[in-house]
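Asker: So that we are looking at the same thing, I have put the structure below in structure tokens.
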Amino acid sequence: MSANILIVEDEEKLARFVELELLHEGYKVSKCGNGRDAYEEAVRTQYDLILLDIMLPGLSGIEVLRRLMKERPTPVILLTARDAVMDKVAGLDAGAVDYVTKPFAIEELLARIRVALKLHPQSDGRIPSPEEDPDEVLRWGSLTLDVPRHRVMMSGHEISLTNREFLMLKTLLENQDIVLSRDTLLEKVCGYDYVGETNVVDVYIRYLRSKIDDVFGVKMIQTVRGVGYVIRTSEGEA
Ligand code: CA
């Protein structure tokens, strides 16, 4: 399965040139010329790698990177202008795995792409398909959560979730009929070392309900007062 790469670059000629080279190498390629659109696209779709220009209309590359790392961490190679040392530092601090200085030789870019893909493999189609590995698909009623593909479907419609919403739903689906406390959910979704309010859990639950319950007319995630949240198998069959 070939890697899926997003090119974020507002210089159209350069974007087109890189696109053709990557297609020639056998990658799947998408393009975007605006920071805001790029951010939305990169949150919506899990890419194996993003080539991200820093000087962009809409939202700067650094800002796209910062937001993306919170929502949907993805390996990013920055495309920076020569001498823009601060951009490189800010970019690496914000979570970029590498940078390439413009103008670059395409061979150098391709080599760095190969390295980044090898060092930062993403879970995608290279992992067994759901037919081969049914354990990796969690179900509730007509909703399916495909773990390796990071995809949630209900009645034939894809539900677009952020990384944390996805983790929250996955945790609840893995523990159907078990009431999970806010602390447990927080740990699963934000990690052990998260310092902050447990009410972020309520915020993510609200997002999930607005994307699932409100849209499909179900009552998926139940609140158990004073305890936490649960998804009940029986509700899915109802
Ligand atoms: Ca630019």
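Asker: Output the pairs from Lys31/Lys188; Lys13/Lys88; Lys13/Lys211 with a Cα-Cα distance over 30 Å in this structure; if there are none, say none.
Answerer: Lys31/Lys188; Lys13/Lys211, as the Cα separations exceed 30 Å there.
Asker: If you filter region 163-238 for trypsin sites (Lys or Arg not before Pro), then keep DSSP loop positions with at most 10 other Cβ within 10 Å, what is left?
Answerer: Here the trypsin sites (Lys or Arg not before Pro) that fit, given the DSSP loop and packing criteria, are Arg225.
Asker: Under a plain spin-label model, where a point goes 7 Å from the Cα along Cα-to-Cβ, how far apart in nm are Phe17 and Ser210?
Answerer: 4.3
Asker: Please work out how much length the chain gains when fully extended from Thr184 to Thr101, using 0.36 nm per residue of separation minus the C-alpha to C-alpha distance, in nm with one decimal.
Answerer: Result for the pair: 25.5 nm of gain on full extension.
Asker: Taking the Cα atoms of the chain, what is the range of coordinates along each of the three principal axes, in descending order and whole Å?
Answerer: That works out to 59, 40, 29 Å along the principal axes.
Asker: A further question follows. Just to be sure I understand the model, the point goes 7 Å from the Cα along the line to the Cβ. What's the resulting Thr233 to Ser160 distance in nm?
Answerer: 3.4
Asker: Angle between the Cα long axis of helix 163-174 and the longest principal axis of the chain, 0 to 90 degrees, nearest 10?
Answerer: Between the helix axis and the principal axis of the chain, the angle is about 30 degrees.
Asker: Now a separate question. As I understand it, the value is the acute angle between the Cα axis of helix 106-119 and the longest principal axis of the Cα atoms of the chain; what does it come to in degrees, rounded to 10?
Answerer: 30
Asker: Note down the nm distance, to one decimal, between modelled labels 7 Å out along Cα→Cβ at Val224 and at Asp83.
Answerer: 6.3
Asker: Given region 134-236, report the % of alpha carbon pairs whose separation exceeds 25 Å.
Answerer: Result: 12 percent of Cα pairs exceed 25 Å.
Asker: If only Cα atoms are counted, what is the Rg of region 4-119, and what is its Dmax, in Å?
Answerer: 12.5, 33
Asker: Given the options Leu172, Leu110, Gln122, identify the residue whose Cα lies farthest towards the positive end of the charge dipole of the chain (+1 on Cβ of Lys, Arg; -1 on Cβ of Asp, Glu).
Answerer: Leu172
Asker: Follow-up. Please compute the per residue accessible area over the chain with all protein chains in place, 1.4 Å probe, rounded to a whole number of Å².
Answerer: I get 52 Å² per residue for the chain.
Asker: In whole percent, and with a 1.4 Å probe on the protein chains, what portion of the accessible area of region 4-119 is carbon and sulfur?
Answerer: Solvent-exposed carbon and sulfur of region 4-119 make up 52 percent of the total.
Asker: Next question, about the same structure. To the nearest 10 degrees, how steeply does helix 61-71 sit against the main Cα axis of the chain, on a 0 to 90 scale?
Answerer: 20
The values are calculated or read from the model by the stated rules, or taken from the named source; none is laboratory data. Keep in mind it's a predicted model, so treat the numbers as computed, not measured. Positions of Cβ are generated from backbone atoms using ideal geometry, with glycine treated the same way; all protein chains shown enter the neighbour counts. Only protein heavy atoms, including side chains, enter the accessible area calculation; ligands, DNA and RNA are left aside. Shrake-Rupley method; radii C 1.70, N 1.55, O 1.52, S 1.80 Å.
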